[in-house]
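Engineer: Encoded as structure tokens, here's the structure I'll be asking about.
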């Protein structure tokens, strides 16, 4: 908030300075805001590299001074050539409308310059919420958007884990990256201020050179080198990799059966029990059992697979079953 106020103050002072130099009046008074709007657009034309030694786009180093030089030259020209017209009393409504039109055009200029990628804005919002320990708020960012990015996927999984709901809510969000969506690439060019190292510290250890995500999570659990949160990451990694046999074995090894398993773990075990009726663990979740039966009954009743995938998503898109069968 303090940064936003400082930027606003600087831009207002810039506008005051420009108008003092150019003396823009009447229907073109709003043109004095042009440098401020342009500078704001340049400041927002950034990506995640800004947090790791990057800067604004390189072309602005020469383009911004050139545009400002042209603007100042044009401003002095207008003041000299149309001095009488600018000083003339004009219809108030007309002046307001013209200046309002100029301001709208300047706003559109700023928006067109700045980074408007929705995933990047979601990444920044989720990361800021995590850094403020507002994990529930982090999970609300873009919660209903079908679009995601690798960085956003990793940050969401991190927020879910911090909130204690990784196994409960992971598949309520899009998961196009599989197990890779749980961890940053190392080294990663796409992280923000939350780096791969901070996540590895949270899990309890760094990956070995050339170690794949699932190998890394398996080692943390089997060697008991990781924190207790690493187990949730390992189990969710097995689900994302659709390795139900290994998942069921891991539940037998690491989880007490009398404990209440998270929702997606129960869903996975119900699906595994459908495939292996002799599996010993009973899941007494009548609602989930009924939903799974409904999903399986609907399979093969649609015109084609794509239609089936879309229709099933409307009802079961927040379940592990949909991910396992259609992703």
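A short reminder: the numbers here are calculations on the coordinates, not readings from a lab. Because the structure is predicted, anything quoted here is derived from the model rather than measured. When we count neighbours, we look across all protein chains shown, and the Cβ atoms used for this are built from the backbone with ideal geometry, even at glycine.
Engineer: Is the C-alpha gyration tensor of segment 117-242 telling us rounded, prolate or oblate? Criteria: a/c under 1.5 is rounded; beyond that, a/b larger than b/c is prolate, otherwise oblate.
Structural biologist: prolate
Engineer: Please sort 273-279, 18-24, 28-34 by packing, taking for each peptide the average over its residues of neighbouring beta carbons within 10 angstrom, highest first.
Structural biologist: Order by mean packing, descending: 28-34, 18-24, 273-279.
Engineer: Just want the ordering: 247, 120, from fewest to most Cβ atoms lying within 10 Å of their own Cβ.
Structural biologist: 120, 247
Engineer: Now for a different question. Ignoring everything except DSSP H segments at least 4 long, calculate the 222 nm mean residue ellipticity for the chain; use -39,500 (n - 2.57) per segment, divide by total residues, nearest 500.
Structural biologist: Roughly -19000 deg cm²/dmol at 222 nm, from the helical runs in the chain.
Engineer: For residue 253 and residue 43, calculate 0.36 nm times their separation in residues minus their Cα-Cα distance, and state this gained length in nm to one decimal.
Structural biologist: This chain segment gains 70.4 nm when fully extended.
Engineer: Give me 67, 113 ranked fewest to most by other Cβ atoms within 10 Å of their Cβ, as a rough exposure proxy.
Structural biologist: Placing the least packed residue first, the sequence is 67, 113.
Engineer: Rounded to the nearest 0.05, what FRET efficiency do residue 279 and residue 215 give with R0 = 30 Å and r taken as the Cβ-Cβ distance? Could you check?
Structural biologist: With R0 = 30 Å, the Cβ-Cβ based efficiency is 0.70.
Engineer: Given labels modelled 7 Å from the Cα in the Cβ direction, how far is it in nm from residue 105 to residue 143?
Structural biologist: 4.3 nm
Engineer: Based on other C-beta atoms within 10 Å, arrange 60, 16 from fewest to most.
Structural biologist: Ascending Cβ contact count within 10 Å gives the list 16, 60.
Engineer: Right, another one. At 7 Å along the Cα-to-beta-carbon direction for both residue 208 and residue 305, put a label point, then send me their distance in nm to one decimal.
Structural biologist: 3.7 nm
Engineer: With a ≥ b ≥ c the root eigenvalues of the C-alpha gyration tensor of the chain, is it rounded (a/c under 1.5), prolate (a/b larger than b/c) or oblate?
Structural biologist: prolate
Engineer: Under a plain spin-label model, where a point goes 7 Å from the Cα along Cα-to-Cβ, how far apart in nm are residue 314 and residue 74?
Structural biologist: 5.1 nm
Engineer: Relative to the longest principal Cα axis of the chain, at what angle does helix 244-254 sit, 0 to 90 degrees, rounded to 10?
Structural biologist: 80 degrees
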